[in-house]
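Reading through the structure tokens given below for one structure.
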Amino acid sequence: MAEAKRIGVLTSGGDCAGLNAAIRAVAYRAIEGYGFRVFGIHHGTHGLMETPVAAEELTLDRFDGNILRMGGTILGSMNRGDPFAYPMPDGTVKDRSDEIIDGYRELGLDALIGIGGDGSLAILRRLALQGGLNLVGIPKTIDNDVDKTENAIGYVTAVDVASEALDRLQPTAASHDRVMVLEVMGRNAGHIALSAGISGGADAILMPEIPWTMEGLSEKILDVRQNGRNFALVIVAEAAQLPDGETVGRRRSDGGFSFGGVGQRVSEMIEKSTGAESRVTVLGHVQRGGAPAPRDRLFASAFGVCAVDLVAQGRFDRLVVWSNRECRDVPLADGIATSHRVDPQGTLVHTATGLDIYIGDPGASGAV
């Protein structure tokens, strides 16, 4: 009798809601559907670098009825430390990619399912090509910037959280005659800001893909007040540039750049330009935590089942995606080749302008 196939699953990059639903789906489909053995790898590729490998065999009793509702990831994740240039304690960098490949071999894996964003998936694919590993990718990121998929795990929940924040800011804004500025995540993509801004009734949406002016934003806020409303809601994506082109954030010690602070700057500019009292709320990691929305659980479950099916079919170097109301798969290279950003001529931008929401100038030469 042939030995059961052994597949590994890991979550890499930033956490988000829905990851546990994907892990659960992988385990159920693999064990119940094909009789495979499943090994959960802890803290992404870092678990494969440890000696011995940091992993556990996942059996179905690991998944009680509550796991679908749990935020975060039971396997842990890691979003720092490029294995091809891994920062060492002495300040040097070291290529530790072979250690990860050795960890895959140590576990005796026949395939690896990697759940990650475009950056994590790009690293995993490079490792797979270098070591001849059988890899299938599942897209997850609240930014929703993985190409070829309409939805990535975590995005729907992040939009729900941001929309609810606008719902909660509206009455306090009205009570105090204020302009409320809400800063949301999204990295270089404005999907969260755009979707939440429309669904949460924002008066202005500022995104990195579309340039805006202080004159245009001020005019919108003043128009709102002249039409009899004593408050306004503004939602700002963390990477939205200021009118002069500045991107607000800080340079980290590892050389990377962290967005943050644009909401405060916009709030100060609104007060100076319009005379309206303004306050800022930064959602930050609140968007990544908490129980996943039902649709995130749904997408995650579909992705997990489809990924295992690809393993069973021997189809690797693939990315499962959601397209035209169904789960499909595309070449992994296509999914990570470019970042999916807001289309300035797309349906949701058209919707926002149709609702008289100020979004800047979608037709400007600087629009992405």
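The values are calculated or read from the model by the stated rules, or taken from the named source; none is laboratory data. These numbers were taken from a predicted model, which means no experiment stands behind them. All Cβ positions, glycine included, derive from the backbone under ideal geometry; neighbour counts span all protein chains shown. Accessible surface areas use protein heavy atoms only, side chains included; no ligands, DNA or RNA. Shrake-Rupley method; radii C 1.70, N 1.55, O 1.52, S 1.80 Å.
Within region 8-16, is there a residue that is farther than 18 Å from I153 by Cβ and acidic (D, E)?
No: region 8-16 contains no residue that is farther than 18 Å from I153 by Cβ and acidic (D, E).
Looking at N79, is it under 24 Å from P292 (Cβ atoms) and surrounded by fewer than 18 Cβ atoms within 10 Å (Cβ to Cβ)? Even if it seems obvious, please write down each step before you answer.
Details: under 24 Å from P292 (Cβ atoms): yes; surrounded by fewer than 18 Cβ atoms within 10 Å (Cβ to Cβ): yes.
Yes: the conditions hold for N79.
Looking at (1) under 12 Å from G200 (Cα atoms); (2) more than 14 Å from the chain's Cα centre (by Cα), which one does V181 not meet, given that it meets all the others?
(1)
Give me the pairs, please: first residue somewhere in region 182-193 and within 12 Å of V161 (Cα to Cα), second residue anywhere and part of a loop (DSSP other than H, G, I, E, B) and β-branched (V, I, T), beta-carbon distance under 7 Å, and either six or more positions apart or on two chains.
Qualifying pairs under 7 Å: M185/I142; I192/I142.
Kindly establish whether I210 is in contact (Cβ under 8 Å) with a residue 40 or more places away in the chain and part of a helix (DSSP H, G or I). Give the derivation first.
On the way: in contact (Cβ under 8 Å) with a residue 40 or more places away in the chain: yes; part of a helix (DSSP H, G or I): no.
No: the conditions fail for I210.
If I filter region 264-321 down to residues being closer than 30 Å to I113 by Cβ, of a type in the set (V, I, T) and not in a strand (DSSP E or B), which single residue comes out as most open to solvent (accessible area, probe 1.4 Å)?
V286
Pairs please, first residue from region 345-367 and more than 19 Å from E219 (Cα to Cα) and of a type in the set (A, V, I, L, M, F, W, C), second anywhere and open to solvent by 50 Å² or more (accessible area, probe 1.4 Å) and modelled with pLDDT under 90, Cβ atoms under 8 Å, 6+ apart in sequence or on different chains.
Pairs found: A367/D361.
Within region 137-159, how many residues turn out to be outside any loop (DSSP other than H, G, I, E, B) and within 21 Å of A240 (Cβ to Cβ)?
Of all residues in region 137-159, those outside any loop (DSSP other than H, G, I, E, B) come to 137-140, 146, 153, 155-159.
Filter once more, keeping what is within 21 Å of A240 (Cβ to Cβ): 146, 155, 158-159.
Summing the residues that are outside any loop (DSSP other than H, G, I, E, B) and within 21 Å of A240 (Cβ to Cβ) in region 137-159 gives 4.
Find the residue count for region 213-251, including only residues that are open to solvent by less than 30 Å² (accessible area, probe 1.4 Å), part of a loop (DSSP other than H, G, I, E, B) and not hydrophobic (A, V, I, L, M, F, W, C).
Of the residues in that region, 1 qualify.
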